[in-house]
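Student: The structure's right below; bear with me while I get my questions together.
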Amino acid sequence: APAPASAPPPPAAEQARHYKTNAPASARFDLHVDRRDADGTRWQGVAAMAWDNRGATYQLKLEVGLSMLITRINLLVLTSEGVIDGTGIVPVTATEKRKGRAQTATHFNRDAKAITFSATTATAPWQEGAQDKASVPFQLAAIGRADVNQLVGNIDILVGEEKEATVFRFQLVGEEELDTQMGRLVTWHLRRPPKPGTYSSQLDIWLAPSMQWYPVQIRNTEASGALTTQTVTKISVNDATGK
């Protein structure tokens with residue numbers, strides 16, 4: 001007799017392309033934050049990003065805050081840690097802490113092929129190349145460093161966030177010169193436009209090929225028109241990996 005049919009497998013996530021990667025060396029980034037609310041209110045702040053490439057593993061931390069007279073109020077802290085292999089950055093755990101809210105965690109379980117969340121019981125299918133919000137710019141850098149031609153066409157990256165996993169589709173806008181406190185930087189500008197029914201914000205990332213393809217500017221444009229731009233003011237490279 002034929003074996004009883006098992007439950008159908010969960011629907012597979014849209015499968016992203018496979019990329020060659022070369023993760024950049026460890027670095028510390030100081031960033032200037034420029035925020036314009038939907039009503040036109042503007043505020044300035046600072047952010048610090050620490051990328052530690054340890055060869056087979058990595059740690060990443062992003063802290064965004066408002067600069068007050070003597071203190072700094074952290075509004076958002078993102079962390080990511082995991083491994084680095086031929087597919088690039090492979091997050092294992094990511095956390096997000098916003099001011100006034102409990103910290104949430106996202107767990108990437110490659111063996112079980114599942115992404116789980118502390119904020120919900122839902123799970124999402126894991127796939128090769130999956131990232132978290134903090135690691136996305138560095139995975140794009142790793143893709144550009146390995147072979148710049150990979151940045152042509154759609155770049156699809158599955159991103160696990162607080163409660164769900166979504167495929168971010170980036171497209172190359174073109175080469176742009178940015179004026180920064182570090183001088184004029186030639187950058188490659190990548191954009192993830194809004195995707196109706198999925199995410200309403202636009203994400204723009206500028207990578208600097210002359211500086212290991214590090215992300216040197218990140219901008220989030222919300223559906224309301226609110227805009228947050230983080231621009232690098234200083235990069236301290238610590239090339240302990242020998243790459």
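Student: Which residue out of Ile218, Ile235 is closer than 24 Å to Ala105 by Cβ and in contact with a helix residue (DSSP H, G or I) (Cβ under 8 Å, 6 or more places away or on another chain)?
Tutor: Answer to the selection: Ile218.
Student: Gly129: part of a loop (DSSP other than H, G, I, E, B) and without any contact (Cβ under 8 Å) to a residue 12 or more places away in the chain, yes or no?
Tutor: no
Student: Only one of (1) out of contact with any helix residue (DSSP H, G or I) (no Cβ under 7 Å at 6 or more places or on another chain); (2) open to solvent by 40 Å² or more (accessible area, probe 1.4 Å) is not met by Val186, so which one is it?
Tutor: (1)
Student: Every residue in the stretch 109-126 that is in a strand (DSSP E or B), in contact (Cβ under 8 Å) with a residue 12 or more places away in the chain and more than 14 Å from Glu161 (Cβ to Cβ), please.
Tutor: The answer is Asn109, Ala114, Pro125.
Student: Considering only residues that are buried (at least 16 other Cβ atoms within 10 Å of the Cβ) and of a type outside the set (A, V, I, L, M, F, W, C), look in the stretch 157-179 and name the one that is nearest to Lys113 (Cα to Cα).
Tutor: Checking each candidate, the answer is Gly160.
Student: Here is a list of conditions, (1) surrounded by 14 or more Cβ atoms within 10 Å (Cβ to Cβ); (2) part of a strand (DSSP E or B); (3) more than 17 Å from the chain's Cα centre (by Cα), and Gln150 meets all of them except one; can you say which number that is?
Tutor: In the conditions (1) surrounded by 14 or more Cβ atoms within 10 Å (Cβ to Cβ); (2) part of a strand (DSSP E or B); (3) more than 17 Å from the chain's Cα centre (by Cα), Gln150 misses (2) alone.
Student: Now for a separate question. How many of the residues in the stretch 27-42 are touching a Ser or Thr at 6+ places or on another chain (Cβ under 7 Å) and open to solvent by 30 Å² or more (accessible area, probe 1.4 Å)?
Tutor: Within the stretch 27-42, residues that are touching a Ser or Thr at 6+ places or on another chain (Cβ under 7 Å) and open to solvent by 30 Å² or more (accessible area, probe 1.4 Å) number 6.
Student: Counting only residues that are open to solvent by less than 70 Å² (accessible area, probe 1.4 Å) and over 10 Å from Ala130 (Cβ atoms), how many does the stretch 83-105 have?
Tutor: 12
Student: I've got another one for you. Hey, among Thr21, Thr106, Thr79, which residue is assigned to a loop (DSSP other than H, G, I, E, B), touching a strand residue (DSSP E or B) at 6+ places or on another chain (Cβ under 7 Å) and within 29 Å of Gln150 (Cα to Cα)?
Tutor: When all the criteria are applied, what remains is Thr21.
Student: Sticking with this one: If I filter the stretch 205-226 down to residues being of a type in the set (A, V, I, L, M) and at pLDDT 95 or above, which single residue comes out as farthest from the chain's Cα centre (by Cα)?
Tutor: Among residues in the stretch 205-226 that are of a type in the set (A, V, I, L, M) and at pLDDT 95 or above, the one farthest from the chain's Cα centre (by Cα) is Met211.
Student: Ok, one more. What are the residues in the stretch 132-147 that are in a loop (DSSP other than H, G, I, E, B), under 11 Å from the mean Cα position of the chain (by Cα) and of a type outside the set (A, V, I, L, M, F, W, C), if any?
Tutor: Once the filter is applied, which keeps residues that are in a loop (DSSP other than H, G, I, E, B), under 11 Å from the mean Cα position of the chain (by Cα) and of a type outside the set (A, V, I, L, M, F, W, C), the stretch 132-147 yields Lys133, Ser135.
Student: Quick check: is even one residue across the stretch 47-58 more than 25 Å from Thr116 (Cβ to Cβ), modelled with pLDDT under 95, touching a strand residue (DSSP E or B) at 6+ places or on another chain (Cβ under 8 Å) and exposed (fewer than 14 other Cβ atoms within 10 Å of the Cβ)?
Tutor: No, the stretch 47-58 contains no residue that is more than 25 Å from Thr116 (Cβ to Cβ), modelled with pLDDT under 95, touching a strand residue (DSSP E or B) at 6+ places or on another chain (Cβ under 8 Å) and exposed (fewer than 14 other Cβ atoms within 10 Å of the Cβ).
Student: Restricting attention to the stretch 82-91, which residues are among the β-branched types (Val, Ile, Thr) and either assigned to a loop (DSSP other than H, G, I, E, B) or under 14 Å from Ala165 (Cα atoms) (or both)?
Tutor: Result: Thr87, single match.
Student: Give the residues of the stretch 172-204 that are at pLDDT 95 or above and under 27 Å from Arg110 (Cα atoms), sorted by residue number.
Tutor: Answer for the stretch 172-204, where residues must be at pLDDT 95 or above and under 27 Å from Arg110 (Cα atoms): Arg192, Leu203.
Student: Right, next: Given the residues Asp34, Asp52, which is the only one that is closer than 14 Å to Val232 by Cα, part of a strand (DSSP E or B) and acidic (Asp, Glu)?
Tutor: From the options Asp34, Asp52, the qualifying one is Asp34.
The values are calculated or read from the model by the stated rules, or taken from the named source; none is laboratory data. Everything numeric in this text was worked out from a predicted model, so none of it was measured. Glycine also receives a Cβ, built like all others from the backbone with ideal geometry; neighbour counts cover every protein chain displayed. When the accessible area is computed, the model is the full protein with side chains, heavy atoms only, and any ligands, DNA or RNA have been set aside. Shrake-Rupley method; radii C 1.70, N 1.55, O 1.52, S 1.80 Å.
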